[in-house]
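A short worksheet on the structure shown next.
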Ligand SMILES: Nc1ncnc2c1ncn2[C@@H]1O[C@H](COP(=O)(O)OP(=O)(O)O)[C@@H](O)[C@H]1O
Ligand SMILES: [Mg+2]
C-alpha cells in the first residue's frame with residue numbers, strides 16, 4: 001500500500017491494520033526502523049519518554065505507540081487500566097481512551113491543542129491547581145503533572161492526557 005492509499009482507508013472506514021503493524025514493530029525485537037515505518041504512514045505529532053504520538057488522518061484523534069514494551073506493564077498497559085477506573089468527577093480533566101489493540105501496542109484518544117503543536121499558551125497555574133484540588137478531593141494522585149502533558153479540547157477545557165501514573169490513594 002502506498003501512503004495515499006493508507007491515508008484514504010484510514011479516513012474512511014477506520015482501518016487499524018497499519019496501527020497493528022507499527023505497534024508490532026515496536027513490540028517485537030528487532031525494533032529497527034519502526035519509527036521510519038510510522039513516519040512513512042502517519043503524521044508525526046510528538047514524543048514523550050514512553051510513547052510516540054501520531055495524528056489519525058481524517059479524525060480529531062491521535063494514536064500513541066508504546067516505545068517501552070520491555071517495561072511490563074508498559075505505559076499503554078497502565079493508561080488503559082487506569083482509564084477504566086477514573087471516577088466521573090475527574091472525567092472533565094482526563095480523556096477517554098477510544099480504542100486499542102489486544103497487546104496495547106497502540107491506543108487512540110481525542111486530539112487536543114498543545115502549546116508545542118499549536119502555539120497556544122501553556123496551562124495557567126490556577127487551572128493546574130484546580131486539577132490537583134479535584135484529584136485530592138477524589139482521593140487520587142497523578143505523577144507527571146506538568147504543562148507538556150496538558151492540552152485544550154474544542155470547548156477550551158484543559159485535559160491531562162498522559163495518565164499512566166494516576167492512582168486512587
Ligand atoms: N491527546 C493528545 N493530543 C495532542 N497531543 C498529544 C496528545 N497526547 C500526547 N500528545 C503529544 O505527544 C507527547 C507525548 O505524549 P505523552 O502521552 O505525554 O507520552 P509519554 O507518556 O511518553 O510522556 C505530548 O507531550 C504531547 O505533545
Ligand atoms: Mg508525557
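The values are calculated or read from the model by the stated rules, or taken from the named source; none is laboratory data. Predicted model only: the values in this text are computed from it and were never measured. All Cβ positions, glycine included, derive from the backbone under ideal geometry; neighbour counts span all protein chains shown.
Quick grid of which residues meet (1) exposed (fewer than 13 other Cβ atoms within 10 Å of the Cβ); (2) more than 26 Å from residue 26 (Cβ to Cβ):
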| site | (1), (2) |
| --- | --- |
| 88 | yes, yes |
| 100 | no, no |
| 115 | no, yes |
| 124 | yes, yes |
| 160 | no, no |
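Yes/no matrix, rows are residues, columns are (1) in contact (Cβ under 8 Å) with a residue 12 or more places away in the chain; (2) within 20 Å of residue 159 (Cβ to Cβ); (3) within 12 Å of the chain's Cα centre (by Cα):
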site: 29; (1), (2), (3): no, no, no
site: 69; (1), (2), (3): yes, no, no
site: 83; (1), (2), (3): yes, yes, yes
site: 91; (1), (2), (3): no, yes, no
site: 131; (1), (2), (3): yes, yes, no
site: 134; (1), (2), (3): yes, yes, no
site: 142; (1), (2), (3): yes, yes, no
site: 145; (1), (2), (3): yes, yes, no
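Would you mind telling me which numbered condition in (1) within 16 Å of ligand 2 (Cβ to nearest atom); (2) crowded, with 19+ Cβ neighbours inside 10 Å; (3) modelled with pLDDT under 95 residue 54 fails?
Going through (1) within 16 Å of ligand 2 (Cβ to nearest atom); (2) crowded, with 19+ Cβ neighbours inside 10 Å; (3) modelled with pLDDT under 95 one by one, residue 54 breaks only (3).
Looking at the stretch 115-150, which of its residues are away from ligand 2 (no atom under 11 Å from the Cβ) and closer than 22 Å to residue 81 by Cα?
If the condition is that a residue be away from ligand 2 (no atom under 11 Å from the Cβ) and closer than 22 Å to residue 81 by Cα, then 131, 132, 134, 135, 136, 137, 138, 139, 140, 141, 142 are the ones that fit.
If residue 71 satisfies every condition in (1) modelled with pLDDT of 95 or more; (2) out of contact with any strand residue (DSSP E or B) (no Cβ under 9 Å at 6 or more places or on another chain); (3) within 16 Å of ligand 2 (Cβ to nearest atom) but one, which is the exception?
The one condition residue 71 does not meet is (1).
Tell me, please, whether a residue that is at pLDDT 85 or above and within 16 Å of ligand 2 (Cβ to nearest atom) can be found in the stretch 31-44.
Yes: one or more hits.
Away from ligand 2 (no atom under 16 Å from the Cβ), at pLDDT below 95 and part of a helix (DSSP H, G or I): which single residue out of 10, 81 fits that description?
Working: 81 fails: at pLDDT below 95.
So the residue among 10, 81 that is away from ligand 2 (no atom under 16 Å from the Cβ), at pLDDT below 95 and part of a helix (DSSP H, G or I) is 10.
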